[in-house]
1. Mind checking the log10 I(q)/I(0) for the chain at q = 0.08, 0.13 Å⁻¹? Debye, one equal scatterer per Cα, no solvent, two decimals.
2. What number, in nm² with one decimal, is the all-direction average of the projected area of the convex hull of the alpha-carbon atoms of segment 142-209?
3. For segment 267-289 and segment 1-57, write down the distance between their C-alpha centroids in whole Å.
4. With a 1.4 Å probe and all protein chains kept in place, how do S107, S202 rank by accessible area, largest first?
5. According to a simple spin-label model (label point 7 Å from Cα along Cα-to-Cβ), what is the distance in nm between A23 and F43?
6. Per the Kirkwood treatment, what hydrodynamic radius in Å, one decimal, follows for segment 1-106 from the mean inverse distance over all distinct Cα pairs?
7. When all protein chains stay in place, what accessible area (Å², nearest 10, 1.4 Å probe) is found for D153?
8. Let me have the relative contact order for the chain, percent, based on Cα pairs under 8 Å that are six or more residues apart.
Amino acid sequence: MHDWVFEAIGTRWTITTPAPLAAPVVAAVGAEIERIDRAWSRFRDDSAVAEMARAGGSHRVEATDQPLLDWYRRLYDLTGGAVTPLVGGTLAAAGYDADYALRPAESVPSVPAWDDVIAGHDGVLELRRPALIDVGAAGKGFAVDRVAGIVADAVDEYIVDAGGDMVISARQQPVRIALEHPLDPAKAIGVVTLDGGAICASASNRRAWADWHHIVDPRTASPAWEVLATWVIAPSAMEADGLATALFLTPAARLRGHFDHHADGFHHVTVRRNGSVEHTAVPGLELFL
C-alpha cells in the first residue's frame, strides 16, 4: 500500500491506496481542497467567508457545497441551535481568530439565531447583515468526503485520513482504528474495527487556549466542558464530523432518536470529563478504560 502524506487546511492528510495515484488525480485533490479552503476558511482574507463578514447580502453557493449548508441547518434544528455556523464571531472574539491571537476579548458576544442572520441558504446564502461564518463543526468532514469522491473515481480501495477524520472504502480486510486518549495523545482509550464508511473525532484538547477551547455552546457563549472527546461512525464524514461536535452539546439519545430508524444511522463513543464512557454497539469496539 502507498501513503500520500501532505499538509492542507491546517491538518495532516494521509491518502492510502494500493499504488500511487496518477498525476491528474493528485492535481484534482489539491484543486478541490484549495477550492473548499477559498470558499469556507475564516482564516483567509480572500475567502468567500471573509467577504460575507465584510458585507451581508447574497453570496452564491456552489452546487457541490449545498449539502454542507443543508446539513448545518439540520444540525441546528436537531440540537436546538447548539450547532450553528454563526459561532464564528464568538470564536474570533474569544481569541481563535485569523491571527491566532488566543487572547479573549474583554466581552465575548453571544451567538445570533440562524433566522435573525440567514434569510436563505438554497443556492445562495442570503445574509441579513455581515456575519463571520464558521463551518468547523462539519467542514473538515465535508472536505474528506469530497476528496474521497475524487479518489474513488480512480481506485477501488483507499483510506482518506485528515487528522483522524477518515473515509474508508468497502473492503474485505477491516481496518483497526485507535481512539486517541483525550488527555494523552500518546495513548489510546480503545480501538474500533471498520470495513467501510466514515469515522470522525472531536476533542476539547485539540484547540485549547486560556480558559477556552474551540467547541463553544452558543447558548452560553462559552466552551462546552462536560464532554472530553467523541467519535462518530456514519455513512459520510460530513455527517460524522457534525455529529461528533453535536454530542458535546446535545444528549446522544436526542440525536439518535432522529437517526436510528433511517439509513443514515450512526454509532458513537463519548468520553465525559467525569470519566464515564457512553457508546452504542460500535462494530469491533474494544475499550481499555
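The values are calculated or read from the model by the stated rules, or taken from the named source; none is laboratory data. Computed from a predicted structure; not experimentally measured. Every residue, glycine as well, gets a Cβ built from its backbone with ideal geometry; the counts of neighbours run over all protein chains shown. Ligands, DNA and RNA are excluded from the accessible area calculation, which covers all protein heavy atoms including side chains. Shrake-Rupley method; radii C 1.70, N 1.55, O 1.52, S 1.80 Å.
1. Each listed q corresponds, in turn, to -0.33, -0.91.
2. Value for segment 142-209: 5.2 nm².
3. 31 Å
4. The most accessible residue leads, giving S107, S202.
5. Those two pseudo-labels are separated by 3.1 nm.
6. 16.4 Å
7. Near enough 140 Å² of accessible area.
8. This gives 18 percent for the chain.
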